[in-house]
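The values are calculated or read from the model by the stated rules, or taken from the named source; none is laboratory data. No experiment lies behind these values; they were computed from the predicted model shown. Cβ placement follows ideal geometry from the backbone for every residue including glycine, while neighbour counts extend to all protein chains displayed. Each accessible area value is taken on the protein alone, full model and side chains, heavy atoms only, with ligands, DNA and RNA left out. Shrake-Rupley method; radii C 1.70, N 1.55, O 1.52, S 1.80 Å.
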Amino acid sequence: MDPNPKSFPILSYVMARLPSLSGKSPSTTCDVEQPPPRAPSDPSSSQTPIVSQLPHLTDPKLLASMTRAIADVAQTRSVLRTLGPRPDHETVDAARLKLCEIESDLSKQLEEIVLSPRPSDVDRLDWRSQLADKEQQCRRAAEKEKILYKTILQLEEMHQSYEKLLRAAEQRLVKIYEKAEMGEAEEEEVKKDKEEVDEQLNEEIVGILQEASGKELERVDLSNRRLLFLPEAFGKIHGLRVLNLSNNQLEVIPDSISGLENLEELNLASNILDALPDSIGLLHNLKILDASSNKLESLPDSISNCRSLVELDVSFNRLTYLPTNIGYELVNLKKLSIQLNRLRSFPTSIGEMRSLQHLDAHFNELQGLPLSIGRLTNLEILNLSNNFTDLKELPETLGDLTNLKELDLSNNQIQTLPDTFGRLDNLTKLNLEQNPLVIPPSEVVKEGIEAVKMFMAKRWLDILVEAERKSMVVVQEQGQTGWLTRSTSLLKKYVENVSENVSGLLSPRSPKDAYLDQQL
């Protein structure tokens, strides 16, 4: 478990020296992570060759720096020793095989459950509930059986990660040593080169600002310049239409950017921004905004005022939510890229983005979709893959996306496609891999997208037929009740008419008889 001195010479040397870095004497202390001191005859105990090749290793400051750089290695080694030795290949292969067998058995059980006929005396909804209970029981039993074999594979993965960690640590130590070997003279040279680059960059920015003051400047490209900040004066280039600030080291965008009233494209990708300025909402002509690969944790509410936006890319950030009203205002948006964030849900207003054609939300933490998603009738591409254990079901309104052409639902926990899925007539690409699907069954999924669409369409038709049948039964019951009511009413009127006629016939011949009236 300790690094091999032949493969990781510097790392092995530094980790072997860890006990001597404490304040106590090496003869009276023992590192719990280190094996007992070996005999002098052991080749690994000899540190003379490595020190003779890399003499700077004897420098206490360098050694202390290296020790701090490998703290993660020492900690991981300690954890692995607690968990136990690395499983051999045979054990790992057997565990993988066993997991495949469990999955296969589970698939067969679920298939039997799905295909089991419904008894005639059991209601359709009750039968579905019974099937769901049986399915959950099968899944729980399978998961319980998997625990041991998953533990073996996880331990193997941890050891594999430890190997990668060792290689990375060795590379870090080599760089630290090379930096120490460079000497002060070379460090000064590097510092001088950096100052020259900064000076050239400042001259370039000044030149751009001077050019903008003399004529109307429409495009500025300052990408890959190691920019640390953007001067406030950039907000005065009123004619600017395209601004590229990607691949720099910007931490803040100044509020003066709101002065770029004609700006149509703004590229802020690959910086270290943790927020966008509220003044960005004043860019009413902005059509394309790329703020991907930053550290954004939220978007300002004012971004909803950029009503001309056609493309918005905020992927690869730390977003946990989108502004509540974003959909009500960005009605012209056609492409929304929000993948590789931490989104748990979409705002209901997303259904108002009626122009949206492309929505990419893979690698998030989505737990579901709002019912309003069905209003995106122009949507053609939808990627919801890799939301893993969070995404378990889809709304019935998904079937309203009648223009959808590509749908990726892979690597989620979806068990049942919505009953309206069969209405997606224009769908040509579908990815359902790595989902515990029950409806449609796995054998249908393997046959391809057309088989899935046909299965779901037939299922939808069956549901409609069943609903119509129940509706007819209700109508018939109501019709019978109405007939009885009408018959009783007619009979009552008939009796009343007879009573009146008899009274009329008897009244002129004899005086009114109270007893006869009572009988009638």
Original post:
Do any of 6/175; 150/295; 98/164; 61/175; 335/429 go past 25 Å between their Cα atoms, and which?
Top reply: 150/295; 98/164
Original post:
How big is region 294-414 in terms of Cα radius of gyration and Dmax, in angstroms?
Top reply: 13.1, 37
Subject >> Proximal charge balance of residue 387 [Cβ under 13 Å; K/R count +1, D/E count -1] >> reply: -2
Subject >> Probe 1.4 Å, accessible area per residue of region 112-178, Å² >> reply: 67
Original post:
Roughly how much of residue 58 is accessible, in Å² to the nearest 10, using a 1.4 Å probe?
Top reply: 90
Original post:
Based on the Cβ-Cβ distance from residue 98 to residue 477, what FRET efficiency comes out when R0 is 51 Å, to the nearest 0.05?
Top reply: 0.35
**OP:** With a ≥ b ≥ c taken as the square roots of the eigenvalues of the C-alpha gyration tensor of region 276-324, please select rounded if a/c is under 1.5 and otherwise prolate if a/b is larger than b/c or oblate if it is not?
**Re:** prolate
Subject >> Loop GluC sites (Glu not before Pro), region 303-407, which have at most 15 other Cβ atoms in a 10 Å radius of their Cβ (DSSP) >> reply: 365, 393
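At 1.4 Å probe radius, can you tell me the per residue accessible area of region 50-107 in Å²?
I get 61 Å² per residue for this part.
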**OP:** May I ask you to compute the full-extension gain from residue 72 to residue 274, defined as 0.36 nm times their residue separation minus their alpha-carbon distance, rounded to one decimal in nm?
**Re:** 70.0 nm
Original post:
Of all the accessible heavy-atom surface of region 371-427, with the other protein chains kept in place and a 1.4 Å probe, what percent is carbon and sulfur?
Top reply: 40
Subject >> Those residues of region 378-415 whose amide nitrogen sits under 19 Å from the label point placed on residue 429, 7 Å along Cα→Cβ >> reply: 378-387, 401-412
Subject >> Simple spin-label estimate for residue 355 and residue 123 in nanometres, 7 Å along Cα-Cβ >> reply: 4.8
Original post:
Does region 106-150 come out rounded, prolate or oblate, given a ≥ b ≥ c as the square roots of the eigenvalues of its C-alpha gyration tensor, rounded meaning a/c under 1.5 and, failing that, prolate meaning a/b above b/c?
Top reply: prolate
